[in-house]
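Peer 1: Here it is, the structure in full.
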Amino acid sequence: MARETFIGFDSAWTDKPQAPGAICAMVFEQGRPIEFHEPRLASFAQALEFIEQVRHPDGLTLVALDQPTIVPNSTSLRPVERVVASLVSWLGGGVQPSNTSKRGMFCKDAPIWPFLAALGAVELPEEARTARDGLYLMEVFPALALPSLSPEFFGRLAAPRYNPKNRSKFRHSDWVRVAQAAAAQFEQFGADKGASWCREQAESLKPSKADQDRLDAMLCLLVGMTWRMRPRSASMLVGDLAEGYMVFPASQAVRERITRAAHGSGIVAA
């Protein structure tokens, strides 16, 4: 079996030097992890360099990107965001609307578009599950992954408050729980180095926003690994390639809520 390279990229949506995103990678061979590239802060340009450096031409590379990649609407939310917002709100979080009126994020001059063009990845999530080689990309949402990665984050207002930048709501205990939950997931994949990195973050007494960006990149990485390496039923794809979509792990409880939210809307949720 050829090598499989998974990349998690939390882009931060803009390209501000003072607030870069974060990127990381895990490489598997014969189903076993052989390389771990721990999270590092990265601009869009640096992310392109990183991807080129870590991917293997003789195998498959899947980039799990925490940023909308298909945004045809000029106002309001995309259909996929309307569907998942019902769950995210119930959990106590929020969904940031994606539309082309958001300057610097999704306008015609936003950095995401030249990044995608330069990357040249195939954006067909279902094909990425079974392809033997090639460079693929898909949109993911770490906050939506958490209630399936650990049942403790599924419940009314159960979303963890682990963003250190939001000082009024940040809870250090939540930071620890998210890092530990991520570590447990990496352990299930046999990715001990990824698990160790997450456990180290759990021990941080004063995590920064940059630390959270790096942790979110690891969550993106887990979403990509789950999508390809676990049964299709372990994840959901909501939306489509015309108006936007998201891929995320889905426990039975999450699947049921999302399916109810999508019912009658015309939005694909599978």
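Peer 1: Taking a quarter of the surface of the Cα convex hull of the range 58-141, what do you get in nm²?
Peer 2: Approximately 6.3 nm², given one-decimal rounding.
Peer 1: Moving on. What does the extension gain come out to for Glu49 and Ala242, with contour length at 0.36 nm per residue minus their alpha carbon separation?
Peer 2: Computed gain between Glu49 and Ala242 is 66.6 nm.
Peer 1: In nm, give the distance between the simple-model label positions of Arg167 and Ile34, each being 7 Å from the Cα along the Cα-to-Cβ direction.
Peer 2: If labels sit at Arg167 and Ile34, their model points lie 4.8 nm apart.
Peer 1: How large is the accessible surface per residue of the chain, computed with a 1.4 Å probe and reported in Å² as a whole number? Can you show the working numbers first?
Peer 2: Numbers: 11770 Å² over 270 residues.
Ligands and nucleic acids excluded, the result is 44 Å² per residue.
Peer 1: Any of Lys16/Lys193; Lys102/Lys165; Lys16/Lys102; Lys16/Lys165; Lys16/Lys209 with alpha carbons more than 19 Å apart? Name them for me. Let's see the in-between values first.
Peer 2: Working: Lys16/Lys193 30 Å; Lys102/Lys165 22 Å; Lys16/Lys102 15 Å; Lys16/Lys165 16 Å; Lys16/Lys209 14 Å.
Beyond 19 Å between Cα atoms: Lys16/Lys193; Lys102/Lys165.
Peer 1: Moving on to the next point. So how many Å³ per residue does the convex hull of the Cα atoms of the range 32-186 work out to? Before the final figure, lay out the partial values.
Peer 2: Working: hull volume 23.3 nm³, N = 155.
Measuring per residue, one finds 150 Å³ for the Cα hull of the range 32-186.
Peer 1: Could you work out what % of the accessible surface of the range 125-270 is carbon and sulfur, using a 1.4 angstrom probe and leaving DNA, RNA and ligands out of the count? Show your work: numbers first, answer last.
Peer 2: Details: 3170 of 6430 Å².
For the range 125-270, the apolar C and S fraction of the accessible surface comes to 49 percent.
Peer 1: For the chain, return all DSSP H helices satisfying: extent of Cα atoms along own axis at least 20 Å; mean Kyte-Doolittle hydropathy at least -0.5.
Peer 2: 172-188, 209-229
Peer 1: Further question: Sort Ser86, Ser150 by accessible area with a 1.4 Å probe, largest first.
Peer 2: Working: Ser86 55, Ser150 15 Å².
Result of the area sort, largest leading: Ser86, Ser150.
Peer 1: Now for a different question. Using label points projected 7 Å from each Cα along Cα→Cβ, tell me how many nm separate Ser86 and Thr259, to one decimal.
Peer 2: 1.3
Peer 1: Quick one: give the max-minus-min coordinate of the C-alpha atoms of the range 92-155 along each principal axis, largest first, in Å.
Peer 2: 39, 38, 13
Peer 1: In the chain, if the dipole is taken from +1 on Lys/Arg beta carbons and -1 on Asp/Glu beta carbons about the Cα centre, which of Trp227, Ser76, Leu48 is farthest to the positive end?
Peer 2: Ser76
Peer 1: Evaluate E = 1/(1 + (r/R0)^6) for Trp113 and Ser251, where r is the Cβ-Cβ distance and R0 equals 41 Å; express this FRET efficiency to the nearest 0.05. Walk me through the intermediate numbers first.
Peer 2: Details: r = 34 Å, r/R0 = 0.83.
Given R0 = 41 Å and the Cβ-Cβ separation, E is 0.75.
Peer 1: Across the range 129-174, how large is the tail of the calculated P(r) beyond 17 Å, expressed as a percent of all Cα pairs?
Peer 2: Distances greater than 17 Å cover 53 percent of the Cα pairs.
Peer 1: Here is a follow-up. Give the value in nm², to one decimal: projected area of the alpha carbon convex hull of the chain, averaged over all directions.
Peer 2: Values: hull surface 51.9 nm².
Computing the convex hull of the Cα atoms and averaging its projections yields 13.0 nm².
Peer 1: Please report the antiparallel percentage of the DSSP beta bridges confined to the range 1-73, to the nearest 5.
Peer 2: In the range 1-73, approximately 70 percent of DSSP beta bridges are antiparallel ones.
Peer 1: How fast does the range 193-269 diffuse by Stokes-Einstein, in µm²/s, taking the Kirkwood radius from C-alpha pairs at 10 °C and 1.306 mPa s?
Peer 2: D, rounded to a whole number, is 109 µm²/s.
Peer 1: Now, a different point. Send over the Kirkwood Rh of the range 139-270, from the inverse of the averaged 1/r over different Cα pairs, rounded to one decimal Å.
Peer 2: Kirkwood hydrodynamic radius for the range 139-270: 15.4 Å.
The values are calculated or read from the model by the stated rules, or taken from the named source; none is laboratory data. From a predicted model like this one, the values you see are computed outputs, not experimental measurements. Backbone-built Cβ (ideal geometry, glycine too); neighbour counts: all protein chains shown. We work out accessible area using only protein heavy atoms, side chains counted, and drop any ligands, DNA or RNA first. Shrake-Rupley method; radii C 1.70, N 1.55, O 1.52, S 1.80 Å.
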